[in-house]
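Asks: The structure follows.
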Amino acid sequence: MPDLLIAPRHPAHLDRTVEALRLVHEKDRYPLVWPDDPKAWLTPDSTLGAWVALSDGVVVGHVMLVEGGAVEHADQLAEAAGVPLVGLAGVSRLFVAPAARGMGIASALLERVEDTPTRRGRRLALDVVDDDGPAVRLYERLGWTRVTQGPATWTTPSGTRPTSAAYLCPR
Ligand SMILES: CC(C)(COP(=O)(O)OP(=O)(O)OC[C@H]1O[C@@H](n2cnc3c(N)ncnc32)[C@H](O)[C@@H]1OP(=O)(O)O)[C@@H](O)C(=O)NCCC(=O)NCCS
């Protein structure tokens, strides 16, 4: 991708990030239900940091770090990592615009959060819907270790609880 830049997300990026998220939602139903306030969905209280992937000024990808307690199956993740909950940081809201996929942008965003001082030595963790889709393949290809899986704490509009899988970053 020409001129790909990964930068800390600035408030001025939020409108363009929501535009990218809208395209992702329309293609993949991620997030499953379009939030009433997408900017609030991208700026939860648990936020530690956020980054965007920019191509010619267009937001083509996004990732955040959040407090570890915000990750599904947080207690099992902390136990497996051998750290208290505050010793975890969650990778969250990872998405890449449909037209920019398959070029390693998600991998580059994940590398960035692995390297960031924002994590302050915390072990990285995440949860993902256990659907054997591109996200699960991405994390496993990058060596993330599955710790557990089980019903998510949230429900779909039809009232079912999807299975969510929880992973730890090996690095
Ligand atoms: C999951 C997601 C973030 C992956 O983004 P991406 O930028 O396309 O990811 P990558 O480019 O790193 O990898 C995607 C594929 O491209 C391939 N690829 C990566 N770099 C490549 C390159 N330079 N040349 C050719 N193929 C490449 C990868 O092998 C991978 O193939 P696979 O799906 O068969 O395993 C994206 O599909 C997405 O936004 N999905 C919807 C939102 C979502 O589910 N988010 C996760 C929430 S937990």
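The values are calculated or read from the model by the stated rules, or taken from the named source; none is laboratory data. Computed from a prediction, not measured in an experiment: that's the story for all the values here. Only protein heavy atoms, including side chains, enter the accessible area calculation; ligands, DNA and RNA are left aside. Shrake-Rupley method; radii C 1.70, N 1.55, O 1.52, S 1.80 Å.
Asks: For the chain, what is the mean residue ellipticity at 222 nm derived from helices alone (per DSSP H run of n ≥ 4: -39500 (n - 2.57); sum divided by total residues; nearest 500 deg cm²/dmol)?
Replies: On the way: 5 runs with 46 residues, N = 171.
So the helix-based figure for the chain works out to -7500 deg cm²/dmol.
Asks: While we're on this one: If contacts are Cα pairs under 8 angstrom and at least 6 residues apart, what is the relative contact order of the chain in percent?
Replies: Details: 299 pairs, mean separation 35.8, N = 171.
Rounded, it is 21 percent for the chain.
Asks: With a probe of 1.4 Å, find how much accessible area region 4-168 has per residue, and write the answer as a whole number in Å². Mind dumping the intermediate values first?
Replies: Numbers: 8130 Å² over 165 residues.
Ligands and nucleic acids excluded, the result is 49 Å² per residue.
Asks: Mind grabbing the accessible area of Ser158 for me, 1.4 Å probe, Å², rounded to tens?
Replies: Probe radius 1.4 Å; accessible area of Ser158 about 100 Å².
Asks: Now for a separate question. Please give the solvent-accessible surface of Val83 in Å², to the nearest 10, using a probe radius of 1.4 Å with every protein chain present.
Replies: 50 Å²
Asks: Here's another thing I want to ask about it. Which order do Lys27, Lys39 take by accessible area at a 1.4 Å probe, largest first?
Replies: These residues rank, largest area first, as Lys27, Lys39.
Asks: Let me ask you something else. Got a number for the accessible area of Arg22? Probe 1.4 Å, square angstrom, nearest 10.
Replies: Approximately 100 Å² of Arg22 is accessible to the 1.4 Å probe.
Asks: Roll a 1.4 angstrom probe over the protein heavy atoms and tell me the percent of accessible area of region 4-168 that is carbon or sulfur. It would help to have the intermediate numbers written out before the result.
Replies: Numbers: 4170 of 8130 Å².
Roughly 51 percent of what the probe reaches on region 4-168 is carbon or sulfur.
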